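Just so you know, all these numbers are worked out from the coordinates, no wet-lab data involved. These numbers were taken from a predicted model, which means no experiment stands behind them. Reconstructed Cβ throughout: ideal geometry from the backbone, glycine too, with neighbour counts over all protein chains shown.
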DNA sequence: TTTTATGCATAAGAAAATTAGGTATATTTG
DNA sequence: CAAATATACCTAATTTTCTTATGCATAAAA
């Protein structure tokens, strides 16, 4: 994370959302995809990403599958059933956060 | 914070935004105003709020004025000049975060 | 041949919350 | 009147989630 500030707590939601698209992904791939999708605005640091992936795995939201490609290891992650449900929750939570904070920084005069 | 999840890092922005409206405010008033503006969705905890106010003051973004009203103390906070500038920065930062993360959770197919 | 890219990882520290208290006065309610 | 709730401040311990700084290894590019 460097250019655009990433509010703490949103990384997990990003990971779950990307994996909810259906395809399994490995860590490095996630950093590159986020960079591309945000036109370089958001850079996921490895120091944040890998511990986050390990925690999601430990919590039973992700399954891992190790593969060797071009003589280098890749750890492919995919959502478990629990992870699929949690991805829905996290996305709703994010939407609600955005609506809520918009209500403060861009309020309707009647409630200000 | 309890109902809607507050992403870590947004509290300072909320405080600065409310004070940027012009009127000085005291801590308890901020918690009540946020509750009202978000229809109870967002509850600022005192354990987060007061340390945040103290830090903003220590950083020279807020000025304090203590008043006794109904035999109870109130600490009124208002933006310094530096605080006014920072409130603009923080709001831009928040807008950018929202746009950026919308680009991930609600992507244009061309970039996905 | 040195740098950059790919791919994983962890450890120390900082930031910013949560949780759980504490003090005190004023008002409302049973 | 007593007890609960609202108003108003505070802090300390802990947890969560990052950043920063490393480390290792292979492949490709400069």
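Among the residues of B:38-49, the average count of other protein chain beta-carbon atoms within 10 Å of the residue beta-carbon is 2. Averaged over the residues of B:92-101, the number of partner chain Cβ atoms lying within 10 Å of the residue Cβ comes to 6. Taking only the Cα atoms of the range B:4-103, the radius of gyration and Dmax are 13.9, 51 Å. Dividing the radius of gyration of the alpha carbons in the protein assembly as shown by their Kirkwood radius gives 1.05 for Rg/Rh.
To the nearest ten degrees, helix B:27-37 and the longest principal axis of the Cα atoms of chain B are 40 degrees apart. The relative contact order of chain B, computed from alpha carbon pairs under 8 Å that lie at least 6 residues apart in sequence, is 29 percent. With a 10 Å cut-off around each Cβ of A:5-16, the average count of Cβ atoms from other chains is 4. Label-point distances for residue B:95 to the equivalent site in the other copies, using a point 7 angstrom along Cα→C-beta, read 2.5 nm when ranked shortest first.
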